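Working notes for the structure below.
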Amino acid sequence: MGSKELDLKAEIRELLMALGVNAAEGPLRVHSPISGEEVASVAVHDAETVEATVGAAHAAFLLWRDVPAPRRGELVRLLGEELRAHKTALGRLVSIEVGKSVSEGLGEVQEMIDICDFAVGLSRQLYGLTIATERPDHRMMETWHPLGVTGIISAFNFPVAVWAWNAALALVCGNAIVWKPSEKAPISALAVQALLNRVLVQSGAPDGLAGLVIGGREVGEALVDDPRVPLVSATGSTEMGRKVGQRLAGRFGRAILELGGNNAAIVTPSADLDLALHGVAFAAMGTAGQRCTTLRRLFVHETIYDGFVARLKSVYASVSVGNPLVESNLVGPLIDGRALESMRHALETAAASGGVVTGGERVEIGGWPDAAYVRPAMVEMASQDGPVLQETFAPILYVMRYTHLADAIALNNAVSQGLSSSIFTTNMREAERFLSGRGSDCGIANVNIGTSGAEIGGAFGGEKETGGGRESGSDSWKAYMRRATNTINYGATLPLAQGVTFDV
Ligand code: NAD
């Protein structure tokens with residue numbers, strides 16, 4: 001499919017119409033990475049609009065926190081239904097706006113539906129504890145209360161799912177939300193907001209409960225600095241998280257930070273090598289290496305290294321790169337020319353330090369000179385240093401050999417990021433050691449699965465420079481609420497804790 005057959009601009013117009021989006025045009029130019037061409041332009045918001053949006057959200061919060069949680073869950077259930085009804089159109093829009101395969105675009109919307117389902121159940125399970133008290137005729141418990149306006153800042157690569165992880169939980173927890181999507185993916189955000197607006201009206205939710213502000217860093221900063229926003233959940237680069245985290249700390253605001261990863265896998269001699277090959281290929285090349293959980297470092301045992309790496313190279317050579325809207329293409333474009341430049345720079349630096357590079361060339365697709373398609377790259381390195389220690393948001397897999405598992409685990413942990421990790425093994429001792437307290441130091445540690453492709457039931461996030469936040473499943477909801485410890489005396493005397501006396 002070439003440029004003649006594909007009119008992305010017209011398709012976006014049609015999709016927006018189908019999704020009920022009526023957005024004003026403006027100075028923010030949106031390019032589809034599929035062709036590199038401008039496909040839309042949207043209005044941006046200024047600091048005053050952010051202030052007004054947060055103000056409206058705060059007013060809505062004061063009403064929303066009084067709505068019983070299971071009834072708040074009903075709003076999220078309706079959102080899930082709306083997403084089900086528009087899955088195809090929204091998934092397609094995501095694919096066009098950020099260059100994902102059709103299957104991954106749909107998968108992203110499915111993830112939104114899944115978290116809505118999860119949050120609906122959660123709306124009846126916001127449990128606190130009853131705790132043993134040392135005082136007679138007393139009861140101690142903890143209760144969880146709505147927190148306030150939750151700011152959501154999202155990255156380009158999961159332009160809608162990350163919002164849903166936060167929004168669905170925040171809403172059932174009794175919070176209002178204000179979303180600042182990536183300036184590289186405002187259209188998908190406008191579409192999601194249009195779907196949400198319909199269910200907000202349908203369910204009679206307070207006006208202003210869920211706001212959307214479009215723009216770049218300045219708009220994000222205005223949200224981060226607003227004292228009426230007690231919690232900001234920010235997803236993006238470590239560089240962004242360091243700034244946002246410090247600004248929030250300055251006003252004692254809470255942060256959920258979901259930042260860069262530099263994820264590794266270990267392939268041991270006992271591994272099922274066919275399975276490992278599949279796992280490594282999807283994790284390293286899927287989404288053109290633009291997932292926070294993308295596999296970037298691979299440690300292969302020396303006894304299987306040559307055979308396994310030769311097989312991996314032939315997979316790399318045969319994988320089809322091209323227009324992600326064509327089903328047979330497994331690797332789509334990079335988001336833009338800057339991403340291409342950083343990939344090129346990382347490969348040059350790795351080669352200069354002795355790395356042996358396979359792939360990584362730019363590929364011309366569809367007569368689109370402004371699109372940034374590349375063959376995924378593998379780089380065999382003698383040791384882990386230089387660009388291997390950094391996250392380059394592109395499909396580069398650094399491959400190294402190891403002799404002892406303890407060394408491979410130490411290398412897994414010897415980077416500043418701590419998001420995702422895997423081991424491919426059929427040896428129970430190796431698997432358990434990798435998962436133990438002296439194993440992987442990451443927020444996600446898998447066995448016989450690649451580093452990417454988490455499901456929503458578990459808590460998602462990572463350690464160290466990945467930011468420490470947890471989102472999505474398990475008890476991540478607690479970050480969106482405030483905890484109160486309550487002690488109730490139902491006796492007629494006032495015994496003090498720790499045996500303290502104070503007789504008046
Ligand atoms: P980015 O850091 O450039 O931008 C992310 C968001 O932060 C955007 O909305 C941007 O406008 C905003 N922003 C940037 N600087 C800001 C500031 N000073 N104050 C407030 N807001 C600011 O990231 P990107 O290029 O969109 O996404 C790629 C990065 O995101 C990668 O590093 C990837 O690993 C990371 N990521 C992490 C996760 C995770 O869950 N850990 C998920 C997806 C992406």
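FYI, it's all coordinate maths here, none of it is from the lab. Bear in mind the structure is a predicted one, so any value in this text is a computation, not a measurement. Neighbour counts are summed over all protein chains in view; Cβ atoms, including those assigned to glycine, are modelled from backbone coordinates with ideal geometry.
Side notes on the structure shown:
- Base-10 log of normalised Debye intensity for region 163-224 (one unit scatterer per alpha-carbon) at q = 0.12, 0.18 Å⁻¹: -0.29, -0.66
- Where only alpha carbons of region 207-248 are counted, the Rg and the Dmax (Å): 10.8, 35
- Ranked list, fewest to most other Cβ atoms within 10 Å of each Cβ, for TRP179, TRP163, TRP144: TRP144, TRP179, TRP163
- Taking the number of Cβ atoms within 10 Å of each Cβ as an exposure proxy, the fewest-first ranking of THR49, THR143 is THR143, THR49.
- Put a dot 7 Å past the Cα of ASN22, heading toward its Cβ, do the same for GLU341, and the two dots end up 4.0 nm apart.
- For region 298-453, dividing the convex hull volume of the Cα atoms by the residue count gives 125 Å³ per residue.
- 10 °C / 1.306 mPa s Stokes-Einstein diffusion coefficient of the chain, Kirkwood radius on C-alpha pairs, µm²/s: 66
- Likely footprinting exposure, SER154, SER440, fewest C-beta neighbours within 10 Å first: SER440, SER154
- For the chain, the longest principal axis of the alpha carbon atoms and the long axis of helix 102-122 meet at an angle near 20°.
- LEU275-ALA249 pseudo-label distance in nm [points 7 Å out on the Cα-to-Cβ vector]: 4.2
- Between the Cα long axis of helix 8-19 and the first principal axis of the chain there is an angle of about 30°, rounded to the nearest 10.
- Cα long-axis angle, helix 87-98 against the chain (0 to 90 degrees, to the nearest 10): 60
- Principal axis extents of the Cα atoms in region 392-504, from largest to smallest and rounded to whole angstrom, are 74, 29, 26.
- Three-way shape call for region 340-422 based on the alpha-carbon gyration tensor, with the a/c threshold at 1.5: prolate
- Cα gyration tensor shape of region 194-275, rounded if a/c is under 1.5, else prolate or oblate by comparing a/b with b/c: oblate
- Shape class of region 241-374 from the Cα gyration tensor (axes a ≥ b ≥ c, square roots of the eigenvalues): oblate, since a/c reaches 1.5 or more and a/b does not exceed b/c.
- Coil-residue trypsin sites (Lys or Arg not before Pro) of region 38-137, DSSP, other Cβ within 10 Å capped at 14: ARG124
- Residues in region 133-173 reached by a label modelled at ASN489 [backbone nitrogen below 14 Å; 7 Å Cα→Cβ]: 134-140
- Per-residue [θ]222 nm for the chain (sum of -39500 (n - 2.57) over DSSP H runs n ≥ 4, rounded to 500): -12000 deg cm²/dmol
- Within straight-line cross-link reach of LYS9, lysines at Cα separation under 18 Å, skipping those fewer than 8 residues along the same chain: LYS100, LYS184
- In region 230-305, one over the average inverse separation of all distinct C-alpha pairs is 14.7 Å, which is the Kirkwood hydrodynamic radius.
- For region 372-460, GluC sites (Glu not before Pro) are listed when DSSP marks them as loop and at most 16 other Cβ atoms sit within 10 Å of their Cβ; the list is GLU455.
- Cross-link reach is defined here as a Cα-Cα straight distance under 17 Å, omitting same-chain residues fewer than 8 places apart; for LYS464 the aspartates and glutamates meeting it are GLU239, GLU258, GLU391, ASP441.
- Cα convex hull volume per residue for region 436-476 (Å³): 85
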